[in-house]
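The values are calculated or read from the model by the stated rules, or taken from the named source; none is laboratory data. A quick note: this is a predicted structure, and the numbers were derived from the prediction, not measured. With ideal geometry, Cβ positions are generated from the backbone for all residues, glycine too; neighbour counts draw on all protein chains shown.
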Amino acid sequence: MLEDEPLLQAWQFLTTLSPYALVSVFWFTVIFEIPRYFFRALATLTTKPRRTSGTQPPDQNPAKASIIIACHNEEAALDACVASLREQSYPNIEIICIDDGSTDRTFERMQRMERAGLVDCAVRCQLRGGKSSGLNLGARMATGDFLIVVDCDCSFEREAIAALLRPLADPRIMAVSGNILIRNWKASIVTSLQAIEYLNTISLGKSATDLLNQVSCVSGAFGAFRRDAWLRAGGMDVGPGEDFDFTMRLRLAGGEIAFAPAAVCYTDGPETLLGLARQRNRWERDAFWIRFRKFYRTLAPMPGRLLWRETLHQLDFLFFNVACAAVFPFYLLILFMLYGQLALVIALAASLGYYILDGLFFTMAVWFTGKSHYWRLAPFLLIYGPFQSYVMRFIRLHAYVDEWIFSRSREDNYVPEKVRAWSAWR
C-alpha cells in the first residue's frame with residue numbers, strides 16, 4: 001500500500017512537524033550550514049569592494065616584477081608554464097627558474113630557455129631543499145619590486161599578472177592571491193566536482209573574505225608579494241603549507257592581504273578520488289598544524305599584542321571546518337537511532353536545500369568570473385552537495401584526527417627529511 005511506503009511516510013512526517021520540531025531535526029544544517037552560506041552571500045552582495053579592480057589605464061613605467069618558479073622534476077610542464085608567462089600583457093617582468101634537485105631533465109630545459117631569452121636566470125641546486133628554499137633563493141636573486149610565485153604546472157590568462165599586481169598600488173597591501181580555476185575539468189567526474197568547488201570557495205569565497213580583510217592564504221600556485229615585505233619577514237619557512245604559513249606571518253606583522261579575482265590561473269586537479277583524498281589530507285593536515293600549533297596564540301588574543309581579526313578567521317576555521325566535520329558523524333548516528341529508515345529521507349531533504357544554495361552560489365561564481373564554459377558543469381551540481389557532505393567532510397575529519405594524534409605533517413615528503421630536521425617550530 002502507498003501508505004506503507006517509506007518515502008510517503010517520511011514526507012508525511014516532515015510536513016506535520018512544527019517549525020521548532022523541524023529545527024530539532026535539522027539542527028546540524030541550522031547550526032553549521034545555513035550560517036556559512038548566509039555570511040558568504042552577505043559579504044559578497046552587500047559589502048563594497050576594498051580593492052581596485054577592472055580595467056585601468058596602463059602604467060607608462062610599470063614596476064618590475066620577478067616571477068619565481070621552483071621546480072622539482074617538472075620537465076614535462078616547464079615549457080608550457082614559461083610560454084604562458086611570456087605571453088602576459090604586463091611588460092616588465094623577469095623569470096627566475098630554480099631547479100630544486102631534480103633527477104630528470106628539468107635543468108636542461110631551463111638552460112635551453114635561458115639561452116633562448118625566455119628565462120632570465122636558471123639556477124640548479126644539486127641537493128633538494130624543498131619549495132621554500134627554492135623560492136627563498138629566487139627571492140634573493142630577484143631584482144624586481146614585486147615577487148610573483150607560481151607553480152610549474154599552471155598556465156595563466158594574458159592579463160593575469162597585470163591584474164595580480166594591480167591591488168599592490170595600495171601601499172597597505174603586502175601580498176595578493178590570484179584566482180585559481182581547474183583546467184582539466186573535463187577529465188573525470190572528480191575534476192568536474194573540483195571545478196565547482198574552486199569556483200565556489202576561491203572565485204566567490206575568497207572574494208567574500210577579501211571584502212572583510214580576511215584573506216588568510218596567498219596561494220603558492222599564483223601569488224604576488226612586495227619584495228621588501230618578503231625580505232623583512234625572512235622569506236618562507238621550512239615545512240608543508242609554506243604559503244599559508246607565510247601569509248599568516250605577514251598578517252601578524254600588520255600587512256593587508258588582497259585577492260585579485262581577475263588574475264586567473266589554471267591548474268590541474270587530481271583525476272581520481274584516491275588522488276584527491278591524498279591531496280586534501282595533506283592540505284588539511286598542514287592547515288590544522290599551522291593554525292592550531294604554530295599560531296595557536298591567535299585563538300586567545302590579548303589587546304595590544306595580537307590582532308582580533310586573526311582570531312576571527314581562526315575561529316571561523318575551527319567552527320565551520322573542524323567542529324563541523326567532527327559533529328557530522330554523530331548527527332547521522334543520532335538521526336538513524338531516532339528515526340530509523342526515515343533518516344535517509346531526512347538526510348535527502350537536507351540535501352535538497354543544499355542543491356538550491358549550491359546552485360545559487362555556482363551561478364554567482366560563473367557570472368562573476370565571466371567563464372561561460374563552466375555552465376556545462378551545472379549537471380554535476382546534483383552530486384556536488386552529497387559529495388561535499390559525505391565524502392570530502394569525512395576526508396577532512398580523517399586529516400584532522402590524524403594530525404591531532406599522530407602529527408603526520410612532520411613526515412611530509414614534499415620537504416626532505418634533512419631539511420625538516422632544521423625546522424625550529426616542529
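Determine, yes or no, whether A343 is among the small types (G, A, S), part of a helix (DSSP H, G or I) and touching a residue at least 12 places away in the same chain (Cβ under 8 Å).
no
I want to confirm something. Restricting to the range 107-132 and keeping residues that are touching a helix residue (DSSP H, G or I) at 6+ places or on another chain (Cβ under 7 Å) and small (G, A, S), which single residue is nearest to Y414 (Cα to Cα)?
This residue is G130.
What helices (runs of 4 or more DSSP H), lying completely within the range 81-167, carry at least 2 residues that are free of Cβ contacts under 8 Å to residues at least 60 places away in the same chain and basic (K, R)?
Where helices (runs of 4 or more DSSP H) fall fully within the range 81-167 and carry at least 2 residues being free of Cβ contacts under 8 Å to residues at least 60 places away in the same chain and basic (K, R), they are 106-115.
Return the residues of the range 218-232 that are modelled with pLDDT under 95 and either buried (at least 20 other Cβ atoms within 10 Å of the Cβ) or not assigned by TED's automatic domain parsing to the domain that holds V150 (or both); say none if nothing qualifies.
Result: S219, G220.
Is it the case that some residue within the range 238-245 is under 14 Å from the mean Cα position of the chain (by Cα) and among the aromatic types (F, W, Y)?
The answer is yes, given that some residue of the range 238-245 is under 14 Å from the mean Cα position of the chain (by Cα) and among the aromatic types (F, W, Y).
Return the residues of the range 361-388 that are without any contact (Cβ under 8 Å) to a residue 12 or more places away in the chain and under 14 Å from L204 (Cβ atoms); say none if nothing qualifies.
The first filter runs over the range 361-388 and keeps only residues without any contact (Cβ under 8 Å) to a residue 12 or more places away in the chain, leaving 363, 367, 370, 372-373, 375-376, 379.
Hits for the range 361-388 are T363, W367, G370.
Every residue in the range 172-186 that is charged (D, E, K, R) and either free of Cβ contacts under 8 Å to residues at least 12 places away in the same chain or surrounded by 23 or more Cβ atoms within 10 Å (Cβ to Cβ) (or both), please.
K186
Just to be sure, is A263 hydrophobic (A, V, I, L, M, F, W, C) and more than 14 Å from the chain's Cα centre (by Cα)? Break it down into steps so the answer makes sense when it comes.
On the way: hydrophobic (A, V, I, L, M, F, W, C): yes; more than 14 Å from the chain's Cα centre (by Cα): yes.
When the stated conditions are applied, A263 passes them.
Working carefully through the options A347, A325, find the one that is surrounded by 15 or more Cβ atoms within 10 Å (Cβ to Cβ) and either over 25 Å from T209 (Cα atoms) or over 20 Å from the mean Cα position of the chain (by Cα) (or both).
A347
Taking the range 128-151 as the region of interest, how many residues are surrounded by fewer than 19 Cβ atoms within 10 Å (Cβ to Cβ) and under 19 Å from A162 (Cβ atoms)?
Number of matching residues: 2.
Return a yes/no flag: does the range 191-214 have any residue that is over 10 Å from the mean Cα position of the chain (by Cα), at negative phi and basic (K, R).
no
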